[in-house]
Structure formats: C-alpha cells, structure tokens
Amino acid sequence: MKTLATELLERASSTPDAIAVVDQFGEHAIGTVVSTAQRVADAIAAHRDEAPTVIVQADNTWLTLACVVATGLRDGVVAVLSPHATASEFDLAVEDIAPDVVIATDEVLEHWGATDGRFGHRLLAGDRTVLAADTFGAIDRWAGGSAVAMTSGSTGRPKCVVQSEKAIRYAAQSTIEIVGLRPGEAVGAFVPLSSVAAFCFGLYLPAYLGGRMVSIERWTPAGALEAMRRHEVAWTMLVPTMALQLSIADGADQPLTSLRAMTVGGGPMNVRALREAEETLGTTFLRVFGMSECLGHTSPLPTDPPELRLGRDGKPFPGTVVRAVDASGAELPPGQIGDAQVRGPSLFVGYARGGVPQPPELTADGFLPTGDLVEVGEDGFIQVMGRQKQIIIRGGRNIDINEVESAIAGLPGVVQVCVVPVPDDLLGERAAALVVAGDAEITLESITAQLDQSGFPKFKWPEYVFSVEDLPQNRVGKLSRPDAISLASRLAGRTHENA
C-alpha cells in the first residue's frame, strides 16, 4: 500500500480539505484521513522500526482507509478482517498471516479474542486501538504481496488471498477506464470492505481515482439508494442480490441520474431480472466475471447492447486472457464449453499459510484454473456456465454442497440426500435437498430444526426440502445431478405456485 499512501500524502498537502470519504459519521477530508494515518504509523514506528504486517478492522468507514494508509506509510502489508469475524476466524487469520500488529476498536478486539496477550503492546488508543507483538516478522516473506483478505472459498476453511498493490492498481485502473470515471467522482462502497474485491473496488479505487468513497453503516437497499442520490455516486459494484434488492426498494422508481453504471458480479445472474432492475433504477448494469484470486478480470462496456451486457460476462481486461480447455488441458475453439483458465496482471501472489504466501498452482504456460465452466465466444465475450466444484452461490456467499449433504445425511431417518441449487431471481441460487427417508417423515422444518440443534451454520441450511422415493440416476446407476437440479427446480416452482 506504499504507492497509494504516498499519493494520498501528496494530495493532502495540496488539497487537504477535499472530501475523501462519506460514511455514517459524516464527511471526512483527505487531510483528516492522512493525519490520522500518520499518527498510527508513528505509533507503530516508535515500537519497531521494521515494516509491519497489520490486521485491520475493515468496516466501511474512513478509519479503515486511514489504517490502510498508515500501513502503507510504514511500507507494510495490510490484512483486512471483518469486525464480525468470530474468535475462531481471527485465530485462523493469525495462524495463516502471522501479523505483527492488530488495529480495531476495543470492542472488536475483545470479540476477536485479540487481547489475550499475543499482542501485548498497546501502542495507541482512541477510535482505533493499536496492539503489537514483541517483534516483527520480515516483510519480504510476502514475496511482493501488499494486501490480504479472507474469502470463503469452497473447502470450509477460509482462505487468505494475498494480492500485490500492482495487481490491485491494474484492476482499479482497468475499471476506471471501462466505466469512464473521472477524478473527484464518487464511488459507492456498499459491499463489506473485508472482501478482496470490495477492498480493491470500494476502497482502493476511489482513493486512487482521487474521488470520494461513499458508504453506509449497514446494508439496506433504501439507505444505499438515498446515499447514491445525495452524494451523486457515479459507479458502484454489487453482488446480484444487492442490485436486485435495490430495484424493489422504496424509492427505486426515482432514476439514479448520477450513476453512470453499476457493475454486478459474484453470483449467478438472471437476464430478465437484471434487465427489469436496470430499467427500474434508470442506470446501466455491467455483468462481470472475476474472483479474489484474479480481480475483476472481465467486463462489458457501458455502450455494449443489453443482450451482451446482461446475458454474458464481459470481455477480459486488456492484458488478461480467459480460455476454455478440455480435460487434457488443450484450448477449445470459440463456442465450446470447457474448464476456465485465466492469466493476467491481477493474478494473486498466493494463499497465506503460516505467515507466507503459498504460490498458486498454475499451468505450465502460467494460467490459473478457476474451477468454472466457461464458453468463449467468437466475439471475445465469455459466458460462465457453472462451477466444476459442487458449490451453491447464494447471494454472493459460497455454500459447499458436500458439506451440507454430509450434515443432512447424518440426521436420523435420512437414507440418501442430494443437495442442488435452484435458480432464484433475488439471490441467484437457493439450496434444495432431495431426501430419501424410508418411513421417516421429512420436512423442511424437521431438517432445519435438527441442523440448528447440531450447530450447523444457518446460512448453509437448505431452503427447500423434498421427500422423494429415489434420487435421479444416470444410465449406469450413478446419481445424475443435472436431473436432480431439474427435479428440484420443478418442485420449487410448484411450491411457489401453491404458496
């Protein structure tokens, strides 16, 4: 974060009163952000002269930006963590990142369990408390990485994705050029800044642009609409669920006249729902494909026709290549569906493990397998056709199908279970469980009650449970997931019709 910190330092010296952040606390000038950052950086420097690795409480306020800048002023590496992370998630972050400094409110530090003596030096108190370890690890252990954020992944254990500042700047600059953003314009930061993409596009991009980061205390569609209108937001990035929620909120029929475009990605998207939502909001949606490991690597242009902007997933950024390959790794011709691979300037450094990044497993020619199925068109537009792995993406959150199936299979009376996604206009996908249960009576209420009793996370619970005599099978007697998806979708449709 050194480059951004240097730029903001220079900007604060020439235009200290320019507004950098608008949040629940009000408007915050660049001079205030930088002076706060300098105070935090000085406190760290007084303790240890080495560059630190810093875990920062990432809420959508000006203080998150100030702490990121402070880390940059010390030439350190910043790791953003949600204030709502559990103590066990904090422990995993400490295990993977091996931080030297932790910055958060006293309440969040207590919630994380960070006050247990692991960071025994209290360097600064106030709106943010700064805790530090006795000694700092060598910063070169990050192999050029500058920012770390946790992502849910598909393995059950959160992954700490390490990105370089160069990669973040590339993704931000590409987006600025695609949308046509101008210095001084406002950018909406409504997705929690603890994610890799939100950190890049919600925090770094507006600071790099010399614009204003506009956020609200917590996500509400009405609150976001009001903030975008009041502060003339020119662009924002949302997951599909949030974008669709905006279109049915009170006041959605008043066009967002300042919003040049809204980028939508991070989950399955329904073309009809997107078209209706952008017409209601009076803006332009840009449907994109990206991942934490390769930030925002495709986008359409605002001038592209709706069938391309909404029906497909954009073209790769300049310098990025997305290809479809067959099972042997050979590139497929345009129009054929294959395993997605990507190569480009925003590829991540690796996953943090034991305080160092574990490099990604790339192909011999430097491509990262994404785990998606993709079709690359003759015109260069791509379309993501689904996941290789068994994942449901509900409202931007990944749900491991195998994990849910295992939890349900362990319940009394369950003989067989198959969990599949069913499409949903608002959330993208919902989880449905097809259950073979013999003589036992199986209902949604009975399944979720038992999952609740076992402590299984609520956001992973199925939202439909259908009792069936047999699971769909293919010709050789194996489970047919495509047929299971079709069956569950039909049954879910009947449920809605009868509601």
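The values are calculated or read from the model by the stated rules, or taken from the named source; none is laboratory data. Nothing here was measured: the structure is a model prediction, and the numbers come from that model. Because the Cβ atoms are built from the backbone with ideal geometry, glycine has one as well, and the counts that use them run over all protein chains shown. All accessible areas refer to the heavy atoms of the entire protein, side chains included, with ligands and DNA or RNA removed. Shrake-Rupley method; radii C 1.70, N 1.55, O 1.52, S 1.80 Å.
A full extension of the chain between Thr443 and Ser486 corresponds to an added length of 13.5 nm, given 0.36 nm per residue minus the alpha carbon distance. The accessible-area ordering, largest first, of the residues Phe25, Phe289 stands as Phe25, Phe289, per a 1.4 angstrom probe. Taking amide H positions as modeled 1.01 Å from N, with prolines and chain starts lacking one, the residues under 5 Å from Gly314 and 5 or more places away or on another chain are Ile382. Using the Karplus relation 6.51 cos²θ - 1.76 cosθ + 1.60 with θ = phi - 60°, the per-residue 3J(HN,Hα) values for the stretch 106-115 come to 4, 4, 5, 4, 5, 4, 6, x, 7, 9 Hz, with x marking Gly and Pro. Using Cα pairs closer than 8 Å and at least 6 residues apart in sequence, work out the relative contact order for the chain, in percent. Computed over the chain, the figure is 11 percent. Just to confirm my numbers, what's the Cα centroid distance between the stretch 27-95 and the stretch 211-272 in Å? Spelled out, the Cα-based centre of one part sits 27 Å from the other. Taking the C-alpha atoms only, the angle from helix 2-14 to the longest principal axis of the chain is near 50 degrees. For the pair Arg230 and Arg353, label points projected 7 Å from Cα toward Cβ lie 4.7 nm apart.
Highest mean first, what order results for 121-134, 221-234 on Cβ atoms within 10 Å?
221-234, 121-134
With respect to the chain, whose longest principal axis is taken over its alpha-carbon atoms, helix 165-179 is tilted by about 70°.
When you count the other C-beta atoms within 10 angstrom of each residue and take the mean per peptide, 346-357, 48-59 line up highest first as 48-59, 346-357.
Taking Ile248, Ile442, Ile382 and ordering them by how much accessible surface each has at a 1.4 Å probe, largest first, produces Ile248, Ile442, Ile382. Oblate is the label for the stretch 1-382, because the ratio a/c of its alpha-carbon gyration tensor axes (a ≥ b ≥ c) is 1.5 or higher and a/b is not greater than b/c.
Rounded to the nearest whole Hz, the Karplus-based 3J(HN,Hα) values (6.51 cos²θ - 1.76 cosθ + 1.60, θ = phi - 60°) of the stretch 80-94 follow the sequence 9, 9, 5, x, 8, 4, 7, 4, 5, 5, 4, 4, 5, 5, 5, with x at glycine and proline. Measuring with a 1.4 angstrom probe and ignoring ligands and nucleic acids, Tyr464 comes out at about 30 Å² accessible. Summary of packing: across the peptides 396-403, 199-206, the per-residue average of other C-beta atoms within 10 Å ranks them, highest first, as 199-206, 396-403.
What is the Cα centroid distance between the stretch 282-352 and the stretch 411-465, reported in whole angstrom? Using only Cα atoms, the two centres lie 33 Å from each other.
Beta bridges per DSSP, both residues in the chain: antiparallel share near 65 percent. Here the label points at Ala18 and Asn402, each 7 Å from Cα along the C-beta direction, are separated by 5.0 nm in the simple model. Computed with a 1.4 Å probe on the full set of protein chains, the accessible area for Arg39 sits at about 130 Å².
For the chain, the longest principal axis of the alpha carbon atoms and the long axis of helix 30-47 meet at an angle near 80°.
Once the piece of chain linking Glu89 and Asp253 is laid out straight, how much longer is it, given 0.36 nm per residue of separation minus the C-alpha distance between them?
Full-extension gain reported as 55.0 nm.
In the neighborhood of Val321, defined by Cβ-to-Cβ distances under 13 Å, what is the net charge if each Lys or Arg adds +1 and each Asp or Glu adds -1? Computed value for this residue: +1.
Between Ala98 and Glu7, the FRET efficiency estimated from the beta carbon spacing at R0 = 25 angstrom works out to 0.30.
For Phe285, neighbours were defined as the other residues whose beta-carbon sits under 14 Å from its Cβ, and their charges (Lys and Arg +1, Asp and Glu -1) total 0.
Sequence-ordered 3J(HN,Hα) estimates for the stretch 212-221 from the Karplus curve with 6.51, -1.76 and 1.60 and θ = phi - 60° stand at 10, 8, 10, 9, 10, 4, 8, 5, 9, x Hz, glycine and proline given as x. Between Glu177 and Ala222, the simple label model (points 7 Å from Cα in the Cβ direction) yields a spacing of 4.2 nm.
Rounded, prolate or oblate: which fits the stretch 391-497, taking a ≥ b ≥ c as square roots of the Cα gyration tensor eigenvalues, rounded meaning a/c under 1.5, else prolate when a/b beats b/c? It is rounded, given that a/c, with a ≥ b ≥ c, falls under 1.5.
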